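The structure under discussion appears below in the form of structure tokens.
The values are calculated or read from the model by the stated rules, or taken from the named source; none is laboratory data. Predicted, not measured: the structure shown is a model, and the values here were computed from it. We place every Cβ from the backbone using ideal geometry, glycine too, and count neighbours over all the protein chains shown.
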Amino acid sequence: MKMLHIVCGKRFEDEIVALFKKLGIKGYTVISGVGGSGVTGTVSGANSSADHNANTNTLFMVALGYESTFLPEIVAALKELRAKHIQGHDDREIPLKVFLQPCEIII
């Protein structure tokens, strides 16, 4: 089993959910209002007094069991989404990162 983590700017939420629907991914967790700091800058969390959620990130967590056989298609779709947005962003980094880790259900 694998765990896919997608950290993205709030503006990408709808596109990622649409991508999940297109790929038939029905089970996932969404955590909105995530803050942090990285190559695209510092983002305030939902608890900050800054412009309520306008400048926050979203974390998607997707546990892939049998779906991991579709991992190449999932990764290709996410790369395509990233490429589409980088093209209109002067090839600079955008707030979209994807991580894959081993995952084991213990309860």
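Phe60 falls short of the stated requirement of being at pLDDT 80 or above and part of a helix (DSSP H, G or I). Residues in region 9-33 that are polar (S, T, N, Q) and either out of contact with any Phe, Trp or Tyr (no Cβ under 8 Å at 6 or more places or on another chain) or at positive phi (or both): Ser32 alone. Count, please, the residues in region 57-87 that happen to be surrounded by fewer than 12 Cβ atoms within 10 Å (Cβ to Cβ) and hydroxyl-bearing (Ser, Thr, Tyr). The total comes to 2. Note on region 23-52: residues that are modelled with pLDDT of 95 or more and not in a loop (DSSP other than H, G, I, E, B) amount to 3. State whether one or more residues within region 75-89 are modelled with pLDDT under 85, under 17 Å from the mean Cα position of the chain (by Cα) and acidic (Asp, Glu). No: zero hits. The set of residues in region 12-45 being surrounded by fewer than 17 Cβ atoms within 10 Å (Cβ to Cβ) and either touching a Cys at 6+ places or on another chain (Cβ under 8 Å) or farther than 26 Å from Phe70 by Cβ (or both) consists of Gly35, Gly36, Ser37, Gly38, Val39, Thr40, Gly41, Thr42, Gly45.
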